[in-house]
Amino acid sequence: MQTMRTNWIDVHTHLVPYRAASGYSRGITAAELIAAMDEWGIERAAVLPLESPECDSEYALTAQTFELCEQHPDRLAPFVGVDPRSQRAVEKVRHYAARGARGFGEHKCGLAIDDARSMRLYEVCGELGLPVLFHMDPDLNWDEAGLPGLERVLKTFPQTTFIAHGPAWWSAVSADDDRKGGYPKGPVKPGGAADRMLSERPNLYADISAGSGYNALTRDPDFTEGFLERHWRKLLLGTDYFLAGQAIPQIEWLRNHPMPEEWRKAIGGLNARKVLRSG
């Protein structure tokens, strides 16, 4: 049942039907994802492969993602996902860009964020107009306090659009970030690297998905108000939906949090249309 009609776009979902090794009974099918989108009022969703061995207990291959999305072209938009250590990684990105990939990711591998093997993929994504959605935590796309590696990436590839996500990204909204990731509680200390980079780097955006995004937006209400005012043009709705029945608090937060309707529409979909170059 559809609860409301919106033009929202979810930039972060996964289709991993089989998840026995992960401790979950299973993931979701394309039909279940679309049913959830209808319930939430989401018009389109980006579906992100998972091709690095460290990022999940199960793989979601780009070829499979494209096959599923091509059955629902009006609702699901595939990304291309490539482990930067794999053979012919650049050629694979080019191949799927030609087939209509809307972005690159989820980039979620056990390397530094500025590892040379990832850097070559950032470069080609810039050439092809593919935004890079990356996950950051203490072991995946890792970085030091202050995010100097990410800063180097953003400066080196100003033509490439990046969408930040993950515990070690969102913990960096606070200047006292200890690089442990997780979901830190309590007041945000002004001057965090993530907050600063969203202001200074025009090629950087962030998706509000998962517990990490929701925690960052709710841990300190006083901080949230200023953060939204500074960055409403840089934030993208994401759910990280991958399990049937999974709780997605971002939907109610975006629907009900007091903010100008212009900001709500931007975060809900207009920013994503710009980043994904989608009509």
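Points to keep in mind about this one:
- When the square roots of the Cα gyration tensor eigenvalues are ordered a ≥ b ≥ c, the ratio a/c for region 37-144 is 1.5 or more and a/b exceeds b/c, which makes its shape prolate.
- R0 of 22 Å, Cβ-Cβ distance Glu252-Ala31: FRET efficiency to nearest 0.05: 0.40
- Whether region 224-279 is rounded, prolate or oblate, judged on the alpha carbon gyration tensor where a/c under 1.5 counts as rounded: oblate
- The value for the chain of Rg(Cα) / (2.2 N^0.38 Å) is 0.92.
- The DSSP beta bridges internal to the chain are antiparallel in roughly 5% of cases.
- Partner aspartates and glutamates for Lys155 [C-alpha distance under 18 Å; skip if fewer than 8 residues away on the same chain]: Asp114, Asp115, Glu123, Glu127, Asp143, Glu144, Asp195, Glu200
- The fewest-to-most ranking of Val47, Val132 by surrounding Cβ atoms within 10 Å reads Val132, Val47.
- Cα centroid of region 119-187 to Cα centroid of region 27-56, whole Å: 22
- Net charge, Tyr205 excluded, C-beta distance under 11 Å - Lys, Arg +1, Asp, Glu -1: +3
- Under 13 Å, Cβ to Cβ, from Ile251 - net charge with Lys/Arg +1 and Asp/Glu -1: -3
- Translational diffusion of region 166-279 was estimated from the Stokes-Einstein equation, with Rh taken as the Kirkwood radius over Cα pairs; at 37 °C and 0.692 mPa s the coefficient is 228 µm²/s.
- Burial ordering of Arg88, Arg152, fewest other beta-carbon atoms within 10 Å first: Arg88, Arg152
All of the numbers you see were taken from the coordinates with simple rules; none came from a lab. Computed from a predicted model, the values in this text were never measured in an experiment. Cβ atoms come from the backbone with ideal geometry, glycine included; neighbour counts cover every protein chain shown.
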